[in-house]
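Trainee: Input: one structure, supplied below.
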Amino acid sequence: MEPADAAGLRTSWENLHRRLRASASLILIRILTLFPNATVRKLLLMLVFTLVFWVMYLASKDHTEFLFHLRNPTILKQWSIFKRFSQSETFQNPTVSPTETELQIREILEKMHQLTPPRPFTYLNATTSAAHSVATLLNPRDSYCRGDQLDVRLEVRDHLGRRKEYGGDFLKARMSSAGLKAGASGRVTDFNNGTYLVSFTLFWEGQVSLSVLLMHPSEGASALWRARNQGYDRVIFTGRFANGTSQVLSECGLTLNSSAELCEYLDARDQEAFYCVKPPHISCEALTHMSTRNRDISYLSKEEWRLFHRSNLTREQIGQSNILELQKSNQSMNTEKKCRVGMKTPFPSGYTWKGSWITTFCKQTSFNTIKSISDCLQRKLIYLMGDSTLRQWIYYFKKIVRSLRLFDQHGTGLFRTHILLDAERHILIQWRKHSHPFVTQQIFSLKDENYIPREIDQVAGDKDTAVVITIGQHFRPFPINIFIRRAINIKKAVERLLLRSPETKVILKTENTREVHQNAEMFSDFHGYIQNLILRDIFVDLNVGIIDAWDMTIAYLTADVHPPENVIANQIGIFLNYIC
């Protein structure tokens, strides 16, 4: 508003005020003559005096601004928005815009779409064939030394022997020496033209066997990616609501296509939601337990399913196994830098030798006695947050460190919170499952369940506190945006933790590889591979330690989502190096 307009508006308001005062007495006299009763007159006089006082008060203020606000509905709208957000936890972090997470999710999704573009699939013979593909050793030599790099050029062809013109095949590369119980992952570079470079670092002396396994042809990987992001309903969640001494079952899920009244379980700050159909006459707060089962639904075509039939899910080796003899070398492969959180982990991050895991990027201390493990754990608070692959850790600790006692929290089932205590040494180790989605036919309790970011927010943290996080296996049957959002929210929680307690140790354990599953649409390692790429991208600039379980389980050639005890022991060995 211009100054001249404001002055004119103020003059008009003052003239109006004078006219009101001039006519007030006349109006008052006329009104009082209508009411001869003395009590009524007193009430009217009090009302009139109140009105006059209010008019005089307004006249003493700068009404230009007041009237301008009334003419501008945006102010009232802003107040309404603030009121709505102030009642929500979304407003707790005013430095982060509500759309920042959404933009980050879209950015990561775009990267993944570029990595797994649609591939044409007309018939099986046009897809990648391991038997017809050719692996060629580049720059072969008569002898190799420990520490050398060996490169293999892979040219993929279809079942008719024709060279393929695009990449995207899901491959696993490994080198091994069975007699030495040695193994390591190979690094695969996709040139997106039907050729790949498979690189191996020769970590040990002796005979070495090389292999490249075709897990899914590019057409299968593309179909899995499309199908995964198409629907949420491959898993049926069944919630149990307490109703006196009995329970009422109801359908639940990450999304529900139902016209019935729903219970919404919303973490407003992190925009994590879960829903249940509300049972009649039962409160939403009465939800106590959950179980799941797979739904007989697929977003793959019948032709695409042929790529994932049991006969086509065997791990096909490309080319003949190359046997090389490695000679002794004076080259040292050890680093003098002690293992610590924040180090960048290469791929491969280590190798197995005589059954033990040897890191390649830091100087590793061996915790191979009960005393050394116990001394490292003394005065430590350790919080394990994630799935059952981390619960294996707490079983191992209990078995090896006999002074640790299981604290009974009165929970039931495998997925209850597990706590190990050693009061004399002031050791606490706790495992707690991550929240939705959690896929298991076994009934689990929701009474003490929380999302991992909320759990991290409850950790005070100090130099003797460690947090270990793993997510992935239970996210595989759902669209990837669910995993991305959770990973971003966990990162934000870790940032808050390190801000208030920079000495706290935070370690990420990546997913294990798992058995070749008949239901590849839901549980294929291809989904885990994508999730590992995303997790590393999100946490790339954060001061955390990485335990590359993906790399380890390829090197050990485990074929179980729950690897054997010696693999768990070596995962924990890296963890102890990070915290001691």
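Trainee: Condition test on Thr360, is it touching a residue at least 12 places away in the same chain (Cβ under 8 Å) and out of contact with any helix residue (DSSP H, G or I) (no Cβ under 8 Å at 6 or more places or on another chain)?
Mentor: Numbers: touching a residue at least 12 places away in the same chain (Cβ under 8 Å): yes; out of contact with any helix residue (DSSP H, G or I) (no Cβ under 8 Å at 6 or more places or on another chain): yes.
Yes: the conditions hold for Thr360.
Trainee: Anything in region 150-209 that is on the phi > 0 side of the Ramachandran plot, open to solvent by less than 20 Å² (accessible area, probe 1.4 Å) and in contact (Cβ under 8 Å) with a residue 40 or more places away in the chain? List them, or say none.
Mentor: Residue satisfying the conditions is Gly206 alone.
Trainee: I've got another one for you. Just one of Ala242, Ala260 is assigned to a strand (DSSP E or B) and not charged (D, E, K, R); which is it?
Mentor: Every option except Ala242 fails the conditions.
Trainee: Given (1) closer than 24 Å to Cys362 by Cα; (2) within 16 Å of the chain's Cα centre (by Cα), where does Tyr529 come up short, assuming only one miss?
Mentor: (1)
Trainee: Can you run down the residue pairs with Cβ atoms below 6 Å, 6 or more apart or on separate chains, where the first is in region 427-440 and farther than 17 Å from Ala487 by Cα and the partner is in a strand (DSSP E or B) and open to solvent by 20 Å² or more (accessible area, probe 1.4 Å)?
Mentor: Leu428/Leu381; Leu428/Leu421; Gln430/Tyr383
Trainee: Quick check on region 361-393: of everything there that is open to solvent by 10 Å² or more (accessible area, probe 1.4 Å) and among the aromatic types (Phe, Trp, Tyr), which residue is farthest from Ile471 (Cα to Cα)?
Mentor: Phe367
Trainee: Another one. Within region 237-261, can you find the residues that are over 27 Å from Glu521 (Cβ atoms), open to solvent by 40 Å² or more (accessible area, probe 1.4 Å) and not β-branched (Val, Ile, Thr)?
Mentor: Those that are over 27 Å from Glu521 (Cβ atoms), open to solvent by 40 Å² or more (accessible area, probe 1.4 Å) and not β-branched (Val, Ile, Thr): Arg240, Ala242, Asn243, Gly244, Ser246, Gln247, Ser259, Ala260, Glu261.
Trainee: Only one of (1) part of a loop (DSSP other than H, G, I, E, B); (2) of a type outside the set (D, E, K, R); (3) farther than 30 Å from Thr352 by Cα fails for Tyr265. Which number is that?
Mentor: (1)
Trainee: I need the full set of residues from region 105-125 which are free of Cβ contacts under 8 Å to residues at least 60 places away in the same chain and either surrounded by 15 or more Cβ atoms within 10 Å (Cβ to Cβ) or over 31 Å from the mean Cα position of the chain (by Cα) (or both), in order please.
Mentor: Passing the criteria: Thr122, Asn125.
The values are calculated or read from the model by the stated rules, or taken from the named source; none is laboratory data. Everything numeric here is computed off the predicted structure, so don't read it as measured data. Note that we place each Cβ from the backbone using ideal geometry, even for glycine, and neighbour counts take in every protein chain shown. Note: areas computed on protein heavy atoms with side chains; ligands, DNA, RNA excluded. Shrake-Rupley method; radii C 1.70, N 1.55, O 1.52, S 1.80 Å.
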